Structures are given as C-alpha cells and as structure tokens.
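Working notes for the structure below.
The values are calculated or read from the model by the stated rules, or taken from the named source; none is laboratory data. Everything numeric in this text was worked out from a predicted model, so none of it was measured. FYI the Cβ positions are ideal-geometry reconstructions off the backbone, even for glycines, and counts take in every protein chain you see.
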Amino acid sequence: MHKVLENLRYSKSHEWANLKDGTISVGISDYASHHIGDVVFVDLPEVGRHFNQGEVFGAVESVKAAADLYSPVSGTVMAVNEVLLDTPEALNEDAYANWIMVLKPDNLTELDILLSPKAYQDHCAKEQE
C-alpha cells in the first residue's frame, strides 16, 4: 500500500498540496511515484508563471512512461525544486519530502475541491481495480 500523509490535500491526477505560511507546496504522491516507475527527468515550471487549477505545469518522465503534472490550485510559482534537475529519482525515494514547486495561491478555497487523505486512498483503490 502506498503512503498517504494526513496533512495534505490530493488531486485525482495524483498531485499533493501542502498549505504552509500562505504558500502551497506541490508534488506528486507516493502512489504516483511508484506507479510511473523510475523517474529520470522532471520538467519544472518557470518561477513567476501563473497556472490555473487543473492546468499542466510540467511533467515527469520515467524509464517506462511520461506524465503531465497538473496544478492542484491556481496561483503564481514562487519557487521550484531545482535539486530535481540533477536528481529526479528523489521523487521515487520520498515523494513527499521532494516538492516540485511552491505557489502563491489565488484563492485558498480551491483547496476544498481537492481530495482528503481518505478520499484519495479510496480514489487510488478504485484505479487499481
């Protein structure tokens, strides 16, 4: 079973969002990092770029597949995790410790649209059926 952290919100496309001090860190879930396989490349967004909720902000590529990344909330990119440029496999090692970007959110109520940890676990279980 994959790890789901209780303090995060999740999208159906397997990104997580963590609100802290008015900004939102975004990454991929443990489920996604194991499902895609060994990550070999991460396409990071540009700092200063704005994304709407559900808009593609980047991609992860593995030895077996590539997957678009979708912004869980609308906002402006404040920072990107450049460590992933040299060590993209860090997403496989610990998907929750290795965020991809930090957003200044437009509207915090968009977090309410995301899945709770329990709802996300149920969503992943249905995908595996």
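Computed values, structure above
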{"read-out": "Matching residues, the range 83-102, being among the charged types (D, E, K, R) and farther than 12 Å from GLY27 by Cβ", "value": "ASP86, GLU89, GLU93"}
{"read-out": "Scan of the range 82-98 for residues that are part of a loop (DSSP other than H, G, I, E, B) and either farther than 19 Å from VAL47 by Cβ or within 12 Å of the chain's Cα centre (by Cα) (or both), ordered by number", "value": "THR87, GLU89, ASP94, ALA95, TYR96, ALA97, ASN98"}
{"read-out": "Given (1) farther than 19 Å from ALA119 by Cα; (2) surrounded by 23 or more Cβ atoms within 10 Å (Cβ to Cβ), number of the condition SER29 does not satisfy", "value": "(1)"}
{"read-out": "Residues of the range 17-40 satisfying the condition of being of a type outside the set (A, V, I, L, M), assigned to a strand (DSSP E or B) and closer than 20 Å to GLU55 by Cβ", "value": "ASN18, THR23, SER25, GLY27"}
{"read-out": "Test: VAL60 is over 15 Å from ALA32 (Cβ atoms) and in a strand (DSSP E or B)", "value": "no"}
{"read-out": "Set ASN98, ASN81, ASN7: member being surrounded by fewer than 23 Cβ atoms within 10 Å (Cβ to Cβ) and over 28 Å from LYS126 (Cα atoms)", "value": "ASN81"}
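Residues are listed down the side, and each one gets a yes or a no for (1) modelled with pLDDT of 95 or more; (2) surrounded by fewer than 20 Cβ atoms within 10 Å (Cβ to Cβ); (3) out of contact with any Gly (no Cβ under 8 Å at 6 or more places or on another chain):
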{"site": "GLY54", "(1), (2), (3)": "yes, yes, yes"}
{"site": "GLU61", "(1), (2), (3)": "yes, yes, yes"}
{"site": "LYS64", "(1), (2), (3)": "no, yes, no"}
{"site": "VAL73", "(1), (2), (3)": "yes, no, yes"}
{"site": "ALA90", "(1), (2), (3)": "yes, yes, yes"}
{"site": "ALA119", "(1), (2), (3)": "yes, yes, yes"}
